[in-house]
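The values are calculated or read from the model by the stated rules, or taken from the named source; none is laboratory data. Fair warning: this is a prediction, and the values are worked out from it, not measured in the lab. Every residue, glycine as well, gets a Cβ built from its backbone with ideal geometry; the counts of neighbours run over all protein chains shown.
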Amino acid sequence: MSDNRKPVPSRGILSPSKRKLSPGSPDFFGNIVITRELLNYLNSRMAAGLEPKVELAGWKKSGQYGSFISINASEPYDKGQDQAKKNLSRPAAPASFDDEDEDNIPF
């Protein structure tokens, strides 16, 4: 049987800490499940000698046990890569027109 589900992003939750033992104790705690794709991305950056960096996004939510923050992790947004995609979908600029071409118009 084939699995037609959408890929699940790397996600997790942060919940308020109930055991604040000192001012330096964390305000929130939680975990995140990392997808194989994100793990491969991080490994490839490390193999290339680059810093393994993840972009996090969070949403305040309420549930059965109170408030928490839902988090997603992904590869960092690359504006240059986004611009390259836009350039590929943009039609090419028209060729330049000079005075010589104007002389060749038959009307």
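Key figures for this structure:
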read-out: Long-range neighbours under 8 Å by Cβ, at least six apart or interchain, first residue at positive phi within segment 17-38, second part of a loop (DSSP other than H, G, I, E, B) and surrounded by 10 or more Cβ atoms within 10 Å (Cβ to Cβ); value: none
read-out: Pairs where the first residue, in segment 60-78, is assigned to a loop (DSSP other than H, G, I, E, B) and the second is among the charged types (D, E, K, R), C-beta under 8 Å, 6+ apart; value: GLU75/GLU55; PRO76/LYS53; PRO76/GLU55; TYR77/GLU55
read-out: Segment 37-59: number of residues that are assigned to a loop (DSSP other than H, G, I, E, B) and of a type in the set (Lys, Arg); value: 1
read-out: Residues of segment 29-60 satisfying the condition of being surrounded by 12 or more Cβ atoms within 10 Å (Cβ to Cβ), of a type in the set (Phe, Trp, Tyr) and either within 19 Å of the chain's Cα centre (by Cα) or modelled with pLDDT of 95 or more (or both); value: TYR41
